[in-house]
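The values are calculated or read from the model by the stated rules, or taken from the named source; none is laboratory data. Fair warning: this is a prediction, and the values are worked out from it, not measured in the lab. Because the Cβ atoms are built from the backbone with ideal geometry, glycine has one as well, and the counts that use them run over all protein chains shown.
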Amino acid sequence: MIDWNFMVTYSPRLLKACEVTFGISVTSLALSTVAGLGIALLRLSPRRILSSTAWIYVWIVRGTPLLLQLFAIYYAMPMTGLRLDPWTAGILTLSLNSSAYFSEIFRSAIQSIPTGQTEAAIAIGMGPLQTLRRIVIPLSLRPALPPYVGQAITLLKNSSLVSIIAVPDLMQTAQSIYSTTFKVVEVMLMTGVLYLIMTSLLQIAQTSLERRLSYYTVK
Amino acid sequence: MSIVSFRDVSKTFGSHPVLRNVSLDIEEGQVVAIIGPSGAGKSTLLRCVNQLERHSTGEILIDGMPIGGNQRNRDLIRLRQTVGMVFQSFNLWPHLSALGNVMEGPVTVLKTPVAVARQQAEALLKQVGLADHAAKYPGQLSGGQQQRVAIARALAMKPRVMLFDEATSALDPEMVQEVLRVMESLAADGMTMLVVTHEMGFARKVADRVVLMANGQVVEEDVPETFFTNPKEERSRAFLSRVLSS
């Protein structure tokens, strides 16, 4: 049977570990969002050298396993003289990885804006940055939102991989608890529920943002 | 003094010529209607004025200043601000209210203080008969209303010349008149206007000059009275008999 007392006893420790998972995820989310937008703009640049550089980046990052990327940054980078602590390595890997996916999400959202909208901005005398800031980005938010949140959820779940390089996140804490208590079912149950709660928060954020962003669409 | 001059302007898309050696001068305060069959290059000609399309050869002058070519981006942007444009499909920004659309240019581009820009925008919306719709979003407005907001948006930049690219072609028939009336009153106020249109009645009544284009060339240009009653070119007669009989 399920040992409920055990679950009550260990829940504070797992909750504490949620903070680590959430912190790593949110930090990586912020960094990869900014980087992803930058890469998307490079990809859309008329300059061949910029767009192909971005294309190659996305190709490599999306085409290789996240775990391999984590090992490369944590174990292989020190050979080049750059030693990162597990936290930094984890956040850096997750950010680089997600930025490739985000860039494709942003690129398709930007390309979905009718050319007339940007032509109107150009015709009124806006420069490229003004057009981007005032027209292109606000108009891309709505189409980008669902796939963006989807990728954010993936990012949060993928953050469990940093447990392998000894970051005391939710997954790593769970492993250390069941390896000493052997209560695998209880620990996995609690851990699963906690991940689900965290991803649900993102889901809720999506729903409320979608509503806020659709105020101007035809009713 | 010409506000817009085309000097021997040509434009090709790939190997396909769309404009062939077009020369045309639009004087201050004039309304010039450009008519002709579709594919004649009318819209392309208009879009070259603010360089939404780049012309291949020849020269386009705005107030005596050449636009396009290897011009620095900053100078190109400054020149564009003196040219207002109204599109066939309105192209209002859907995330901004009618007022927001009209204020956007002055606030973002000209750095006009928000309070001042708001006052100007309200006055402009009133001018196009939409004072009561300032807070609405484009999705909540009819086509005719959207196009009038688009005209107010272009006017907010205090342009030297206004370009109308088939401004009424996408509208339901009953909304065409409300937009034409706004355009007519602009013309009466002395605005320099370059109007690509299929509205022959408007061209005849409001334009100071009518230009007929076909195959990327100017076929004939004249004052409306002469052009419509006594066209010189065979091509013009053929076009007119087709549009006026329909």
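Worth a mention:
- The listed residue being touching a Gly at 6+ places or on another chain (Cβ under 7 Å) and assigned to a helix (DSSP H, G or I), out of A:V162, A:V136: A:V162
Matching residues to (1) among the aliphatic types (A, V, I, L, M); (2) surrounded by fewer than 17 Cβ atoms within 10 Å (Cβ to Cβ); (3) away from chain B (no Cβ under 14 Å):
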position	(1), (2), (3)
A:S140	no, no, no
A:V185	yes, yes, yes
A:L201	yes, yes, yes
A:T207	no, yes, yes
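- Unmet criterion (only one of (1) free of Cβ contacts under 8 Å to residues at least 40 places away in the same chain; (2) within 14 Å of chain A (Cβ to nearest Cβ); (3) not basic (K, R)) for B:A131: (2)
- Only one entry in A:T9, A:T64, A:T80 is under 20 Å from the mean Cα position of the chain (by Cα) and hydroxyl-bearing (S, T, Y), namely A:T64.
- Every listed requirement among (1) of a type outside the set (D, E, K, R); (2) farther than 22 Å from B:S245 by Cα; (3) without any contact (Cβ under 8 Å) to a residue 40 or more places away in the chain is met by B:L163 save one, (3).
Here is a yes/no grid of residues against (1) closer than 30 Å to B:W93 by Cα; (2) among the hydrophobic types (A, V, I, L, M, F, W, C); (3) modelled with pLDDT of 95 or more; (4) out of contact with any strand residue (DSSP E or B) (no Cβ under 9 Å at 6 or more places or on another chain):
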| site | (1), (2), (3), (4) |
| --- | --- |
| A:A152 | yes, yes, yes, yes |
| A:S159 | no, no, yes, yes |
| A:A166 | no, yes, no, yes |
| A:F182 | no, yes, no, yes |
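- Candidate set: region B:63-96, residues that are assigned to a helix (DSSP H, G or I) and not polar (S, T, N, Q); chosen: the one surrounded by the fewest Cβ atoms within 10 Å (Cβ to Cβ): B:R74
- Residues in region B:86-100 that are at the interface with chain A (Cβ under 7 Å from one of its Cβ atoms) and within 18 Å of the chain's Cα centre (by Cα): B:F87, B:S89, B:N91.
- Which numbered condition A:L189 fails, given (1) closer than 20 Å to A:T93 by Cα; (2) part of a helix (DSSP H, G or I): (1)
- Selected residue [under 30 Å from B:L141 (Cα atoms) and touching a residue at least 24 places away in the same chain (Cβ under 8 Å)] from A:P143, A:P168, A:P128: A:P143
- Sole residue being within 14 Å of the chain's Cα centre (by Cα) and part of a helix (DSSP H, G or I), chosen from B:V195, B:V182, B:V176, B:V243: B:V182
- Restricting B:A121, B:A154 to those that are hydrophobic (A, V, I, L, M, F, W, C), within 11 Å of chain A (Cβ to nearest Cβ), part of a helix (DSSP H, G or I) and crowded, with 17+ Cβ neighbours inside 10 Å reduces the list to B:A154.
- The single condition from (1) among the hydrophobic types (A, V, I, L, M, F, W, C); (2) more than 29 Å from A:M126 (Cα to Cα); (3) surrounded by fewer than 22 Cβ atoms within 10 Å (Cβ to Cβ) that B:V211 fails is (3).
- Test: residue in region B:45-55 that is of a type in the set (A, V, I, L, M, F, W, C), crowded, with 21+ Cβ neighbours inside 10 Å, under 23 Å from B:F239 (Cβ atoms) and modelled with pLDDT under 95: no
- Residues (facing another protein chain (nearest Cβ under 7 Å) and assigned to a helix (DSSP H, G or I)) located in region A:106-125: A:G116, A:Q117, A:E119, A:A120, A:I122, A:A123, A:I124
Here's the yes/no breakdown for (1) at negative phi; (2) without any contact (Cβ under 8 Å) to a residue 12 or more places away in the chain; (3) exposed (fewer than 12 other Cβ atoms within 10 Å of the Cβ):
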site	(1), (2), (3)
A:M7	yes, no, no
A:A54	yes, no, no
A:V61	yes, no, no
A:L68	yes, yes, yes
A:R83	yes, yes, yes
A:T88	yes, yes, no
A:S103	yes, no, no
